[in-house]
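In what follows, a single structure is set out as structure tokens and then discussed.
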Amino acid sequence: MTFWVLFLIILVVVLFVFLWFCRKEGFKGSNYRALNPSETRDFLLSDADGYIQSLSPADLAARGFANKDEYINYLKNAEYVECPDLENVIEEADALIDRLEDSWLNKEKLQALPWIIAISPARYEFNLPHTRGQVIMVPSSPCGSDSGASPVGSDKGASSLDSDKGASSLDSDSGASPVGSDSGASPVGSDTLVHEKLHVYQKTYPKDFEKYLKKEGFQICKRRFNRSANPDADKQIYERDGVPWYGYYEKGGGKGFQSIRYTPINMPRYDCPREYAVYTLLDRFT
Ligand SMILES: [Zn+2]
């Protein structure tokens, strides 16, 4: 009798410890990992996807740097912060992904991709969410929250290098809640996370995305343009019906994200087919 009582007590304790461990480690179906500050710094400086190397003098000027060395020095000396607990936002993002459907998208493959998230240093890439390789870069504060724009997360508004309202400001951190503040504000919303994860999918499975390009009639444009850099885009400029789609810096348009214009229509979704596909897909499900 004593043996069975002891056995039951031990069983309950083991079960309790197991459940506590699962919760702490985020084993809730979400495949989530956050980079710590030094990993984030090393990751950005490694430039594994060649994005920094690809930046033109106009890209650097729009970001407030005279040259690549200045940009790299900024990344070396910037302040990096811990990622807050995004488990609840990721749960919401996973629930949204459950509902998504499109011909170019294999949902099982999308769901199998890990959520790898890092917090950007202040001012990096206009304080806008974006992807670098498989890593989703999230600003340290909700962008646009000081400018009357929708905070990141409402997503119909200011999100990634993407905002259709074009309202994200370069220095959106004044007045916004910094990561780790007591306000509890998440620096990112679930819609934005899904937007970025769809870019990770496009980068990881370019053959799948070719189905979209073909179906929508996009072709690689042979002409060259001075295009503004977008870390979520591929290296090509595409055209449809003979009309090229790309972003560029308006002459005399000043610095920052606000200096970027898009053609054929001046909205960030027209930057490239990858952006257009993600925006229009999420328009249908959010
Ligand atoms: Zn995007």
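The values are calculated or read from the model by the stated rules, or taken from the named source; none is laboratory data. The structure displayed is predicted, hence computed values, not measured ones. Using ideal geometry, Cβ is built from the backbone for each residue, glycine included, and neighbour counts are taken over all protein chains shown.
Going by the conditions given, is Phe285 surrounded by 16 or more Cβ atoms within 10 Å (Cβ to Cβ), within 16 Å of the ligand (Cβ to nearest atom) and touching a residue at least 12 places away in the same chain (Cβ under 8 Å)? No. Screening the candidates Asp85, Asp69, Asp94 for the property of being exposed (fewer than 15 other Cβ atoms within 10 Å of the Cβ) and in a helix (DSSP H, G or I) yields one hit, Asp69. So how many residues does the stretch 230-286 have that are in a loop (DSSP other than H, G, I, E, B), among the acidic types (Asp, Glu) and under 17 Å from the mean Cα position of the chain (by Cα)? Going through the stretch 230-286 one residue at a time, the tally reaches 2.
Can we say Leu213 is of a type outside the set (Gly, Ala, Ser), away from the ligand (no atom under 14 Å from the Cβ) and at pLDDT below 95? In short, no. Considering each of Phe257, Phe209, Phe218, Phe285 in turn, give the residue that is under 19 Å from Ser54 (Cα atoms) and among the hydrophobic types (A, V, I, L, M, F, W, C). From the options Phe257, Phe209, Phe218, Phe285, the qualifying one is Phe257. Applying the condition of being free of Cβ contacts under 8 Å to residues at least 40 places away in the same chain, hydrophobic (A, V, I, L, M, F, W, C) and more than 24 Å from Gln134 (Cα to Cα) to the stretch 231-272 and asking which residue is nearest to the ligand (Cβ to nearest atom) yields Trp245.
Kindly provide the set of residues from the stretch 192-229 that are part of a loop (DSSP other than H, G, I, E, B) and not polar (S, T, N, Q), ordered by number.
We begin by selecting, within the stretch 192-229, every residue part of a loop (DSSP other than H, G, I, E, B); these are 205, 216-217, 221-229.
If the condition is that a residue be part of a loop (DSSP other than H, G, I, E, B) and not polar (S, T, N, Q), then Tyr205, Glu216, Gly217, Cys221, Lys222, Arg223, Arg224, Phe225, Arg227, Ala229 are the ones that fit.
Restricting to the stretch 79-131, give me the number of residues that are in contact with a Phe, Trp or Tyr (Cβ under 6 Å, 6 or more places away or on another chain) and either farther than 27 Å from Gly256 by Cβ or within 16 Å of the ligand (Cβ to nearest atom) (or both). Looking only at that region, the number is 7.
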